[in-house]
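Novice: Pasting a structure here, questions to come.
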Amino acid sequence: MLFKMVCFALMIFLVAQDFSLTAAIALDPCSAYISLNEPWRNTEHHVNDSAGSPKCDSHINGEWYRFTGMAGDAMPTFCIHENHCGTHAPIWMNGSHPQESDGIIQVQACSSFNENCCFWNTTVEVKACQGGYYVYRLPKPSVCFHVYCGHFYEICDESDCKGTCLETGECHCMTGTTLGLDGQTCLDVNECEKDNGGCAEICVNLKGSHRCECGVGRVLGPDGKSCNEIEGCHNNNGGCSHSCVMLENTYQCQCPRGLTLSEDRHTCQVPVQCKSSGIEVVVPKTLVGGLELFLSNSSCKGISNGTHVKINFSLKTCGTVVEVVNDKIIASNLVTGLPRQTPSSSGDIIVRTSKLLIPVTCEFPRQYLVSDGYIPNLKNSLLEIAGRSRGVFPFSLELFKNRDFNEAYHGSPPTLKLHDDLFFGIEPVVHVDGLQTLVESCFATPNSKTEEAIKYYLIKDGCISDETVKQFTTDDHLAKHYQVPVFKFVGKDNKEVFLHCSVLVCGSLDEHSRCSQGCKRRMRRSLWEQEDTGHLDQHVLTGGPIIIDPDE
């Protein structure tokens, strides 16, 4: 019997060891990757050489990939101009490849568009493998038309050396490149990684070299590194994308009819209205001509009213991508205009351009402060937080009648007794997939002022501070529901209680986000409490007090 038990234990151990080895192999990206081998993906492939429409990496979705075949042997680490790699906005890696000893590293990846080498950016993971090649963990691009590029780097060997060949058979790569893992490939050196390439503002890495650029409204100095303010329209059109007009002691940029001046005061853009309920793009008919406009999902098309073409879509339709970047929720799409096959009903019979591309981006802040009393002035007005006049993403703090959280208080304010239960919740007005919320704090005050010195915390740093608070599970991943016994502040005149909650929005797949961390007590107040409280208080939703009846 003992022998059987020993054999059984040994078998379990061996099975466990085998499972552990299998799992380790499966997790090694150097042996478990997907090959990207399409010829049009190569940096030498111009979009006009592609058959059919420009390509889009919509199938890429966070897996590990390796560039092989005619696609190239690695991602380019220098700026690739638009309309290459078989698409409009090619993606290149803005950083150097790692050594094998570095393990997995994170590097910025940039998409080139509209003469901007980093019009859009994301973060990719890279690993150098023992066989002298690289694998990349590539996130899904936010919009079409984005494609991850592959590149054939110069090969350095004894018989056909692209650099300086020594008698020993060794090879030194040319200036601006460095020898790769395989001892043959000459990889590009990213000069921008060291002291920003000596540039005062923007450094753009090029093949074998780099260049300096300046922000909007400034021009590169004679040394090719410093940046100077533009003094007038005579210098680079004042940095204006369209018209530059001289005034008495200065100048200003102006836009054609139907376009608006962006926040940089130099670039003209198509008007975009960003709301949580939907996004509206209004394109002047003079820009459209005989083009048909549609979004990333080509079934979503523009409608002409004679002077403009309008496109309306929500955050959940038409291929709109919603992601969390730093302190913002960003919704993006792409308006594409292509020539109509037949004249439209509006009488368009000519076209003046072969294609129109308008990236559309709406930004919403991640953090909100919502307030309410035990008795809100429900029906509640929505809390709308403006992000650079870009958009609003509303939440409301609701008070409910019971633990089902399906009926909020309406009409005349209810009066609650001590020892009653108070049911409250954070409710999103718009339900969007791919996001999650964290209630960072909820505190009570005896009046509607959030800066009131007397505060009682129910939730703090994402943690339940009052042990009587109970949290309920919800069907909606953005909603949060709570129960707490009714209480009042000390003092015979304190018959009202107001609740205030701060809400943070994060990406649901980000395992390292503040939302995923949940309860995390801090030694000091969070940044929004220290610096941004005044700004957030301007948007506090106050629906009325909670009236306490002290009688038992």
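The values are calculated or read from the model by the stated rules, or taken from the named source; none is laboratory data. Keep in mind it's a predicted model, so treat the numbers as computed, not measured. Note: ideal-geometry Cβ built from the backbone for every residue, glycine included; neighbour counts use all protein chains shown. The accessibility values were calculated without ligands, DNA or RNA, using every heavy atom of the protein model including side chains. Shrake-Rupley method; radii C 1.70, N 1.55, O 1.52, S 1.80 Å.
Novice: Name the single residue that is surrounded by the most Cβ atoms within 10 Å (Cβ to Cβ) among those in the range 51-79 being among the polar types (S, T, N, Q) and within 18 Å of residue 127 (Cα to Cα).
Specialist: Here is the first cut: in the range 51-79, the ones among the polar types (S, T, N, Q) are 53, 58, 61, 68, 77.
Pick out the ones that are also within 18 Å of residue 127 (Cα to Cα) and you get 61, 68, 77.
Working: 61: 9, 68: 14, 77: 22.
By that ranking, first place goes to 77.
Novice: Among the listed residues 217, 278, which satisfies the condition of being under 28 Å from residue 329 (Cα atoms) and out of contact with any Gly (no Cβ under 9 Å at 6 or more places or on another chain)?
Specialist: On the way: 217 fails: out of contact with any Gly (no Cβ under 9 Å at 6 or more places or on another chain).
Exactly one residue qualifies, and that residue is 278.
Novice: Within the range 468-511, take every residue that is of a type in the set (Phe, Trp, Tyr) and assigned to a loop (DSSP other than H, G, I, E, B) and give me the one that is most open to solvent (accessible area, probe 1.4 Å).
Specialist: To start, the set of residues in the range 468-511 that are of a type in the set (Phe, Trp, Tyr) comprises 472, 482, 487, 489, 498.
Within this subset, residues satisfying the condition of being assigned to a loop (DSSP other than H, G, I, E, B) are 487, 489.
Working: 487: 40, 489: 24 Å².
Per the criteria, the residue is 487.
Novice: Out of the residues in the range 179-199 that are in a loop (DSSP other than H, G, I, E, B) and buried (at least 16 other Cβ atoms within 10 Å of the Cβ), which is nearest to the chain's Cα centre (by Cα)?
Specialist: My answer is 190.
Novice: For residues that are closer than 23 Å to residue 78 by Cβ and free of Cβ contacts under 8 Å to residues at least 24 places away in the same chain, tally how many sit in the range 216-233.
Specialist: So the answer is 3.
Novice: Could you list, in sequence order, all residues of the range 200-233 that are modelled with pLDDT of 85 or more, open to solvent by 50 Å² or more (accessible area, probe 1.4 Å) and not in a strand (DSSP E or B)?
Specialist: 200, 201, 207, 222, 223, 225
Novice: Would you check which residues across the range 234-278 are among the small types (Gly, Ala, Ser) and not in a strand (DSSP E or B) and list them?
Specialist: Pass one, the range 234-278, residues among the small types (Gly, Ala, Ser): 238-239, 241, 243, 258, 262, 276-278.
Selection gives 238, 239, 241, 258, 262, 276, 277.
Novice: Please verify whether the range 270-282 includes one or more residues that are more than 25 Å from residue 429 (Cα to Cα) and either among the acidic types (Asp, Glu) or open to solvent by 60 Å² or more (accessible area, probe 1.4 Å) (or both).
Specialist: no
Novice: I'm trying to understand the selection: among the residues of the range 283-328, which are open to solvent by 50 Å² or more (accessible area, probe 1.4 Å), at pLDDT 85 or above and among the aliphatic types (A, V, I, L, M)?
Specialist: 303
Novice: If residue 546 satisfies every condition in (1) modelled with pLDDT of 80 or more; (2) closer than 23 Å to residue 407 by Cα but one, which is the exception?
Specialist: (1)
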